[in-house]
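Written below as structure tokens is the structure these notes are about.
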Amino acid sequence: MSGPKLFEPITVGGLTLYNRIVIAPMCQYSAVDGQMNDWHQIHLGQLALSGAGLLTIEASAVLPEGRISHADVGLWDDATQAAMQQVLDSVRRHSDVPIAIQLGHAGRKASTHVPRQGGKQIAPDAVNGWQTVAPSALPFTSGSVAPLALDRDGIAKLIEAFVSAAKRAHHLGIDAIQLHGAHGYLLHQFLSPLSNQRDDDYGGSLENRMRLPLEIFDAVRAAFPADKPVTMRVSGTDWVAGGWDIEQTIAFAKALEARGCAAIHVSSGGLHPDQAIPVGPSYQVPLARAVKQAVSIPVVAVGLITDFEQAEAIVGTGDADMIALARTILYDPRWPWHAAAHLGATVKAPNQYLRCQPRQYRHLFDAARR
């Protein structure tokens, strides 16, 4: 009998993962001036020992004004790069897990308090606030300060910032880049007709609304080594009538595949306060399935995936090639160990922990001994 699909290797671009469990990027809202610190070392360090196939660094802003909050991580200058290098050096001394980074810009959803302080927008003239930008001067909510619509110079600066961050990621030895085109942030704002009401060649038709995200992908792909994958995270739907939907997502995914995108990570929502999301276990998997049926590159499913059999069913039936965990793996940082034990697979564990292998799972840590 073959083993569980969840623990089969998979190749994404030029990167081989030894299982199909991805740790999704999770903002910690704990940086100072965009710089990682001891918290990120603890957070990423424990997740690097989880046995997952890929660890993704949280959304890292390519410009200071691209942060969601003043406490977001960035990768826009030597100081943010050096801070990230220190954390990565520590993690890599004890783990060989491949590490990806999510690069993004929050657009009109920037300049906010951290979620644990309510997450509301901070005015541009207030402490820890700044003027936001977007494809159009449309605020996220009726009570928010309107963003400035990006002009041609602003767009050029944005593309340059993504390229610079990609080059810094390579210098850091990061194995893969994920571009954040989801959750109502800037690239998603350009994609959705609800937030993009431009009348130039970056707005209007689907082709025009996809233009900037594709230009940024092309620029990052050209700046990052060819043997390292560049992927995209998308929102499969806005969950709002007249907004971005799965049909447009499929068209975008096909365009990305044609340009050399190595994988698509399918999430949803985040663009509009009127979204009506049918939240439940695997609620976003049908979106991943639809994309999977339209492209030949790997597809990642995410969203309330908590159960071992549930995860195995998603990849085993071909709904997606990988599953991503966020809150689930914060709650249980050894979820991949427990999934492997339950499904009869093997998993990596650090040498210092090998003695904790339970007697009833005599071969659980065999992957660590190979």
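The values are calculated or read from the model by the stated rules, or taken from the named source; none is laboratory data. Computed from a prediction, not measured in an experiment: that's the story for all the values here. Here the Cβ positions follow ideal geometry from the backbone for every residue, glycine too, while neighbour counts run over all protein chains shown. What goes into the accessible areas is simple: the full protein's heavy atoms, side chains included, and nothing from ligands, DNA or RNA. Shrake-Rupley method; radii C 1.70, N 1.55, O 1.52, S 1.80 Å.
One table, with the values for the structure above:
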| quantity | calculated |
| --- | --- |
| Output for the range 291-320, where each listed residue is open to solvent by 30 Å² or more (accessible area, probe 1.4 Å), hydrophobic (A, V, I, L, M, F, W, C) and touching a residue at least 12 places away in the same chain (Cβ under 8 Å) | Ala294, Leu304, Phe308 |
| Enumeration of residues in the range 32-49 that are assigned to a loop (DSSP other than H, G, I, E, B), surrounded by 21 or more Cβ atoms within 10 Å (Cβ to Cβ) and either among the acidic types (Asp, Glu) or in contact with a strand residue (DSSP E or B) (Cβ under 7 Å, 6 or more places away or on another chain) (or both) | Gly34 |
| Complete set of residues in the range 234-268 that are in contact (Cβ under 8 Å) with a residue 60 or more places away in the chain and in contact with a Pro (Cβ under 8 Å, 6 or more places away or on another chain) | Phe252, Ala262, Ala263 |
| Filter result for the condition that a residue is crowded, with 24+ Cβ neighbours inside 10 Å and among the hydrophobic types (A, V, I, L, M, F, W, C), over Ala258, Ala341, Ala251, Ala288 | Ala288 |
| Among the residues listed as Ser90, Ser95, the single one being polar (S, T, N, Q) and part of a loop (DSSP other than H, G, I, E, B) | Ser95 |
| The range 11-25, subset in contact with a helix residue (DSSP H, G or I) (Cβ under 9 Å, 6 or more places away or on another chain) and either of a type in the set (D, E, K, R) or open to solvent by 20 Å² or more (accessible area, probe 1.4 Å) (or both), residue nearest to Leu304 (Cα to Cα) | Arg20 |
| Any hit, the range 155-167, residues being in contact with a strand residue (DSSP E or B) (Cβ under 7 Å, 6 or more places away or on another chain), under 21 Å from Phe217 (Cα atoms), assigned to a loop (DSSP other than H, G, I, E, B) and at pLDDT 95 or above | no |
| Checking Gln197 against (1) surrounded by fewer than 22 Cβ atoms within 10 Å (Cβ to Cβ); (2) assigned to a loop (DSSP other than H, G, I, E, B); (3) touching a helix residue (DSSP H, G or I) at 6+ places or on another chain (Cβ under 9 Å), the condition it does not meet | (3) |
| Residue ranges of strands (runs of 3 or more DSSP E) in the range 216-332 with at least 1 members of a type in the set (D, E, K, R) and closer than 30 Å to Ala48 by Cβ | 230-235 |
